[in-house]
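Enquirer: I have a structure here, written as structure tokens, and I will follow up with some questions on it.
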Amino acid sequence: MTQPALTSLSEDERLFRDSVYEFANREIRPLVREMDERAKIPPALVEQLFELGVMNIEIPEEFGGSGASFFHSVLAVEALSRVDPAIAVMVDVQNTLVINALQCWGNDLLRRTYLPRLAKNTVGAYALSEAGSGSDAFSLATRAVERGDSWMLSGRKMWISNALEAGLFIVFATVDPAAGYRGITAFVVERNAPGLSIGKKEDKLGIRASSTCELIFDDCRVPARNVLGDVGKGYKVAIETLNEGRIGIGAQMIGLAQGALDHTIAYVKERKQFGQHISEFQAVQHQIARAATDLEAARMLVYNAARLRDAGQPFLTEAAMAKLFTSEMAERVTSLAVNLYGGYGFVKDYPVEKLYRDAKIGQIYEGTSNLQLQTIAKRVIG
Ligand SMILES: Cc1cc2nc3c(=O)[nH]c(=O)nc-3n(C[C@H](O)[C@H](O)[C@H](O)COP(=O)(O)OP(=O)(O)OC[C@H]3O[C@@H](n4cnc5c(N)ncnc54)[C@H](O)[C@@H]3O)c2cc1C
């Protein structure tokens, strides 16, 4: 049987991706600059994302979701990132981390309680990092102490995407610091849980419209039934969801680079120097050809990792490679875009300046490039 190309999409996947991209062009593009400047997503846009069906992609239909695949999440994140990678973060965290964690690790009660809310109108956030624990995530210090039929959480989380808009948080805390990673436990925490407050909102280089905040837990009461997975097994929840999350970041990076390349190709066909379009210079053509090749290779890594995940096959190394390569590719491609716009690439009146800033985060969150290299090296060297 002839195998289709790695980047082939089914009819349904293509229609889905095109509808998300069309929405992004129509509804998001006009808001991009203002959202970046004000560092805020309008609540009406969040509602529209729910209506569009991109906030509940893998939630089964019986819980009000779309019942689609992980690959659909990748397509949605890619299509949104072509227009605004900051909006894509909200969709990415919701699907690849929060819903994914609940689907894989939630018992019947948790799934029935929270998936319908996430499907309808509740934004989710994923709280692992702290001021003192980033790459070394399992050295986290947030404590959970059992009291009656509740757990009391105390500590601070940092860098939490979606924190401002979220109604639900997946929070990692330790029930026994002496046990190391075996003390880590995942909890489902509602926004109005007593003792939870949102702290400082970060003022960022890129993806500025996406909220990134501190979370403060001051004897925050969480019902015992809201433990996600088993007590002491939170490290597994984190490791497994982040493996999938990394493919989502890869999707964000390829969408972002595609957006930058689209703008650049249009620009070089318009801009004239030395009496001709700059697209007619072979040096420029070759730079764009190289960027397009870089992007195609990156897309294949992302799609392959996502297809492996949907097929239930191992994808750990592939996901790490996809995140590593796509985030470096996005920096290269957006940097070229700025160069080819010349001085206009350096100012906010043109779109590539923002995409260049947005690209940087890909090498930092959900495991820095050095951490991805570590994962890949472990597999290939042993
Ligand atoms: C905009 C944004 C959004 C985020 N969203 C979330 C979120 O929603 N939820 C969440 O839990 N976290 C989130 N994070 C946190 C993010 O995952 C961490 O910032 C990231 O994991 C890196 O941790 P760190 O900042 O503590 O850096 P560090 O771990 O201190 O790393 C600093 C440098 O040291 C290097 N390094 C560290 N250890 C090693 C090693 N063993 N070998 C080689 N090099 C090493 C790193 O590669 C890096 O270059 C977000 C961060 C940002 C900036």
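Enquirer: For the chain, set up a GNM with springs between Cα atoms under 10 Å and report which of LEU261, LEU295, LEU15 has the largest fluctuation.
Expert: Most flexible of the set in this elastic network: LEU15.
Enquirer: Taking each pair of distinct Cα atoms in the chain once, what is the resulting Kirkwood hydrodynamic radius in Å?
Expert: In the chain this quantity evaluates to 21.3 Å.
Enquirer: Anyone know which of GLN48, GLN372, GLN363 comes out most mobile in the 10 Å Cα GNM of the chain?
Expert: The residue that fluctuates most here is GLN48.
Enquirer: Considering only ILE247, ILE59, ILE265, give the residue with the highest GNM mean-square fluctuation for the chain, with springs between Cα atoms whenever their separation is below 10 Å.
Expert: Checking each option, the largest mean-square fluctuation is seen for ILE265.
Enquirer: Now for a different question. Would you check the accessible area of ASP136, probe 1.4 Å, heavy atoms only, in square angstrom rounded to 10?
Expert: Here the residue's solvent-accessible area equals roughly 100 Å².
Enquirer: Counting only Cα, what are the radius of gyration and maximum Cα-Cα distance Dmax of the stretch 269-323, in Å?
Expert: Expressed in Å, the Cα Rg and Dmax of the stretch 269-323 come to 17.9, 56.
Enquirer: Related question: Note down the relative contact order for the chain as a percent, whole number, built from C-alpha pairs under 8 angstrom at least six residues apart.
Expert: Once divided by the residue count of the chain, the mean separation gives 16 percent.
Enquirer: Here is a follow-up. Would you list which lysines come within 24 Å of LYS348, measuring only between C-alpha atoms, while excluding same-chain residues fewer than 8 positions from it?
Expert: Partners found: LYS40, LYS201, LYS204, LYS269, LYS272, LYS360.
Enquirer: Shifting gears a bit: Relative to the longest principal Cα axis of the chain, at what angle does helix 282-310 sit, 0 to 90 degrees, rounded to 10?
Expert: 30
Enquirer: Just to confirm the number: angle between the C-alpha axis of helix 316-341 and the first principal axis of the chain, 0 to 90 degrees, nearest 10?
Expert: Orientation of helix 316-341: about 40 degrees from the principal axis.
Enquirer: Here's another thing I want to ask about it. Could you give the spread of the C-alpha atoms of the stretch 1-137 along their three principal axes, from largest to smallest, in whole angstroms?
Expert: Over the stretch 1-137, Cα extents along the principal axes are 45, 45, 32 Å.
Enquirer: Related question: Helix 234-270 against the longest principal axis of the chain: what's the angle in degrees, Cα atoms only, rounded to the nearest 10?
Expert: 20
Enquirer: Mind jotting down the distance between the C-alpha centroids of the stretch 288-348 and the stretch 23-44, whole Å?
Expert: Using only Cα atoms to place each centre, the spacing works out to 23 Å.
Enquirer: Keeping the other protein chains in place, figure out the carbon and sulfur percent of the accessible area of the stretch 108-254, with a 1.4 Å probe. Before the final figure, lay out the partial values.
Expert: On the way: 2790 of 5790 Å².
In the stretch 108-254, the share of accessible area belonging to carbon and sulfur is 48 percent.
Enquirer: Give the accessible surface of the chain per residue, rounded to a whole number of Å², with probe radius 1.4 Å and ligands, DNA and RNA excluded.
Expert: Computed with neighbouring chains in place, this is 44 Å² per residue.
Enquirer: Follow-up. When the accessible area of the stretch 1-63 is split by element with a 1.4 Å probe, what percent falls to carbon and sulfur?
Expert: In the stretch 1-63, the share of accessible area belonging to carbon and sulfur is 52 percent.
Enquirer: With each pseudo-label sitting 7 Å past Cα toward Cβ, what's the ASP136-SER154 distance in nm, one decimal?
Expert: 2.3
The values are calculated or read from the model by the stated rules, or taken from the named source; none is laboratory data. What you see is a predicted model, and the numbers here were worked out from it, not measured in a lab. Please note: Cβ atoms are built from the backbone with ideal geometry, for glycine as well, and neighbour counts cover all protein chains shown. The accessibility values were calculated without ligands, DNA or RNA, using every heavy atom of the protein model including side chains. Shrake-Rupley method; radii C 1.70, N 1.55, O 1.52, S 1.80 Å.
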